[in-house]
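Worksheet: one structure, shown below.
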Amino acid sequence: MALTDILSPWRDVMADAVRSEGPDLSMRQWAILLTVYLNPGPHTVRALARDLRVPKPAISRALDALSILKYVRRVRDQADKRIVLVQKTPEGAIYLDGFSRIVEGRMEEPALGALYG
């Protein structure tokens with residue numbers, strides 16, 4: 001499969017996303033957001049750093065931005081106050097729902113090759 005065939009649909013989704021009203025997220029923020037929403041929890045800073053192979057300070061900085069947007073929430077574990085849990089929020093779920101609709105819309109379109117073939 002040609003590079004264009006592989007990356008063009010992704011580029012189209014990203015272009016649609018940046019034209020939408022939502023914020024532009026970094027790839028790191030996307031990776032964290034999708035990990036929290038698509039994988040069963042509980043999620044911790046340490047586990048996210050391990051799973052994504054990213055240093056904990058980088059995870060914390062990305063979570064700062066996602067928390068400001070209210071896409072995730074950090075809370076202390078009641079059993080062990082040293083542990084910070086990362087939780088989903090209604091705002092984050094709404095944002096991902098909108099993004100999934102962009103992806104779904106693009107998936108329903110014919111492949112670019114079929115248009116020019």
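Below are the figures for this structure:
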{"read-out": "From the options Ala17, Ala58, Ala31, Ala62, residue that is in contact (Cβ under 8 Å) with a residue 12 or more places away in the chain and touching a Leu at 6+ places or on another chain (Cβ under 8 Å)", "value": "Ala31"}
{"read-out": "Index of the failed condition, Arg73 passing every other in (1) within 15 Å of the chain's Cα centre (by Cα); (2) under 30 Å from Asp12 (Cβ atoms); (3) at pLDDT 95 or above; (4) not hydrophobic (A, V, I, L, M, F, W, C)", "value": "(2)"}
{"read-out": "Residue that is nearest to Val86 (Cα to Cα), among those in the range 25-57 that are of a type in the set (S, T, N, Q) and assigned to a loop (DSSP other than H, G, I, E, B)", "value": "Asn39"}
{"read-out": "Scan of the range 65-108 for residues that are in a loop (DSSP other than H, G, I, E, B) and either out of contact with any Leu (no Cβ under 8 Å at 6 or more places or on another chain) or surrounded by 13 or more Cβ atoms within 10 Å (Cβ to Cβ) (or both), ordered by number", "value": "Leu69, Lys70, Tyr71, Gln78, Ala79, Asp80, Lys81, Arg82, Ile83, Thr89, Glu108"}
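The values are calculated or read from the model by the stated rules, or taken from the named source; none is laboratory data. It should be emphasised that the depicted structure is a prediction, and the values quoted were computed from it without experimental measurement. FYI the Cβ positions are ideal-geometry reconstructions off the backbone, even for glycines, and counts take in every protein chain you see.
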